[in-house]
Amino acid sequence: MTASGPARVLVVNAGSSSLKLRVVGGTTETSDEVTAGADLAAVGGALGGGADATAIKEAIESFGPIDAVGHRVVHGGTLYTSPVLVTGEVRQRLESLTDLAPLHQPKSLAALDAVSGVLPDTPAVACFDTAFHATIPESAATYALPAEWRARWTLRRYGFHGLSHAYVSHRAGELAGRPDGLRVVSCHLGAGASLAAVHDGRSVDTTMGFTPLDGLVMATRSGSVDPGLVLWLEEHARTPSRELASTLEYRSGLTGLTGTGDMREVLTRAAADDPKAVLGRDVYLHRLRASIASMAAAMDGLDVLVFTGGVGENSAEIRLRAGAGLGFLGAGIDEARNAAKPGDVEGEDWEITAPGARVRSFVIAAREDRQIAAEVRSLLG
């Protein structure tokens, strides 16, 4: 520990089929570089089988001293809108939120239990993907549903990817040399994808809603769909609710449009005039551009546009095509800068703003690990 908090924070990120462990920090609390790490198969039955307790223990012991643990937890509901020290009571409350995120919450909890078994005396902090969006105004968070429904089941827009949006919007302020008052649209584009409107460091709108199914077209998720269409399928096509849920989650999005959720393959096939790939690319971009404009409207304008996530960081074509439809907002992407690889520029983040564009555009690496470490230090410091 240091006077300002734990120096070496073990960041635990449980995915659908993997467990990522990263030690962030060195000898001071200001160090935010990864100094050790391991990618393991999923933990236990809740994570789909794979790495056992011995593998986790060996990995963690190989890292050296750990001052604190930060766990990425997808859903905090309305119970947790900021990081929280994990206690037995907190663990129970997190489990009570499983119905809100049945695909993600059990994996986070399984990882929490597995790591706590190795480091029982090390303080553990839960950091939430929903927490950053707790500042969204009621006008943006409220669904036009009966009041008794909203009160009984806490039906509202929660938003997700908050750790990523928090990090890149803060980083954008550093890169722009303007940390205060900035209007940022953060585009987290990966297998899952969402946007956030961040005004003066606070989330004021986002594209994901009550679940991570809402909003943009994703690798396998549909994004926004007319609820009447889903009801029609249930009533007229006699499609069971479980099949509807599975199809919208795993067989829709780019996969449903093109047969693959891999954007690289989609773009390669589209360049060869494959009609399904062209349609998939264009549907993806139509929803992306429209949603960026919607996020800008929530802030009465736009100062900075950020691309992050696997697609956002690595697909120059998606960035260029998205920017081509945003000139009316003052945004523009420089083709040469945009084509630069991270190794060709100083650092891991770089600017792609076109000459004369009023809105500055950046590519910023998704570093939820840094955000989690910062939140752990802030809480424990």
Condition check for A196: at pLDDT 95 or above and farther than 29 Å from V359 by Cβ: no
What number of residues within segment 53-94 are among the hydrophobic types (A, V, I, L, M, F, W, C), assigned to a loop (DSSP other than H, G, I, E, B) and closer than 30 Å to G159 by Cα? 3
So if I check each of M299, M295, which one is modelled with pLDDT of 95 or more, surrounded by fewer than 19 Cβ atoms within 10 Å (Cβ to Cβ), hydrophobic (A, V, I, L, M, F, W, C) and under 22 Å from T353 (Cα atoms)? M299
Go over the candidates S203, S169 one by one and state the one that is assigned by TED's automatic domain parsing to the domain that holds G330 and in contact with a Ser or Thr (Cβ under 9 Å, 6 or more places away or on another chain). S203
Listed residues D32, D121, D39; which is at pLDDT below 95 and surrounded by fewer than 16 Cβ atoms within 10 Å (Cβ to Cβ)? D39
For segment 97-110, give me each residue that is assigned to a helix (DSSP H, G or I) and without any contact (Cβ under 8 Å) to a residue 12 or more places away in the chain. T98, D99
Hey, any hits in segment 272-279 for a residue that's of a type outside the set (A, V, I, L, M) and surrounded by 14 or more Cβ atoms within 10 Å (Cβ to Cβ)? yes
Test for E335: is it among the acidic types (D, E) and out of contact with any strand residue (DSSP E or B) (no Cβ under 9 Å at 6 or more places or on another chain): yes
Options S82, S17; residue that is modelled with pLDDT of 70 or more, exposed (fewer than 15 other Cβ atoms within 10 Å of the Cβ) and over 16 Å from V115 (Cα atoms): S82
Selection from segment 340-373 of residues that are at pLDDT below 95, farther than 12 Å from T308 by Cβ and among the aliphatic types (A, V, I, L, M): A340, V345
Taking segment 162-206 and keeping only residues that are polar (S, T, N, Q) and within 17 Å of G310 (Cβ to Cβ), one is left with S164, S186, S194
Tally of residues being farther than 15 Å from V311 by Cα and either in contact (Cβ under 8 Å) with a residue 40 or more places away in the chain or touching a strand residue (DSSP E or B) at 6+ places or on another chain (Cβ under 7 Å) (or both) across segment 256-286: 2
Any chance T98 is under 16 Å from P212 (Cα atoms) and more than 16 Å from the chain's Cα centre (by Cα): yes
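The values are calculated or read from the model by the stated rules, or taken from the named source; none is laboratory data. All values derive from a computational prediction rather than experimental measurement. Virtual Cβ from ideal backbone geometry, glycine too; neighbours counted across all protein chains shown.
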